[in-house]
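Structure, as structure tokens:
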Amino acid sequence: MDRGDMPMPTPPNSTMSTNDNMTSMQMSFFWGKDVVVLFRGWPDNNLGMYILALFFVFFLGFAVEVLSASPRVLKTTGVVSSLSQAGAYAIRMALAYLVMLSVMSFNLGIFIVAVAGHGVGHFLVNFRKPAAAQTNSLTLDPKV
């Protein structure tokens with residue numbers, strides 16, 4: 001069977017038409033709980049699951065920002081340090097791609113909570129930086 005003969009899956013609440021191997025899809029933001037986030041069948045037109053999806057996308061955006069400010073491993077050198085930093089980077093990129101795929105549902109609620117998650121995570125990281133720097137300077141101050 002040729003790929004052109006296979007039917008395209010249609011997400012709910014979308015305007016999609018196929019004309020001789022040409023696919024056009026409405027790509028504008030909309031508001032509502034009838035959305036497909038990350039995979040088909042979730043949140044399945046259920047308000048409770050939609051709210052759970054909102055919290056999940058918020059957490060993903062928050063986690064991306066928190067992992068972006070993770071401290072470098074300075075005490076160990078070599079393979080262990082490089083592998084741990086590469087692992088943290090890979091996890092952060094995987095979460096960032098999940099946020100991007102969630103926003104591609106073109107649901108306004110998902111977009112808002114993704115931006116809010118990134119914003120709150122960025123605020124928390126930058127709010128803690130001066131406090132951590134001040135704590136380090138107090139403990140390293142020879143005059144104390």
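The values are calculated or read from the model by the stated rules, or taken from the named source; none is laboratory data. Just so you know, these numbers come straight off a predicted model, no measurement behind them. We place every Cβ from the backbone using ideal geometry, glycine too, and count neighbours over all the protein chains shown.
Odds and ends about this structure:
- Here Ser70 fulfils each of the conditions (1) at pLDDT 75 or above; (2) not in a helix (DSSP H, G or I) apart from (1).
- Among the candidates Ala90, Ala86, residue that is out of contact with any Ser or Thr (no Cβ under 8 Å at 6 or more places or on another chain), under 16 Å from Leu60 (Cβ atoms), surrounded by fewer than 18 Cβ atoms within 10 Å (Cβ to Cβ) and not charged (D, E, K, R): Ala90
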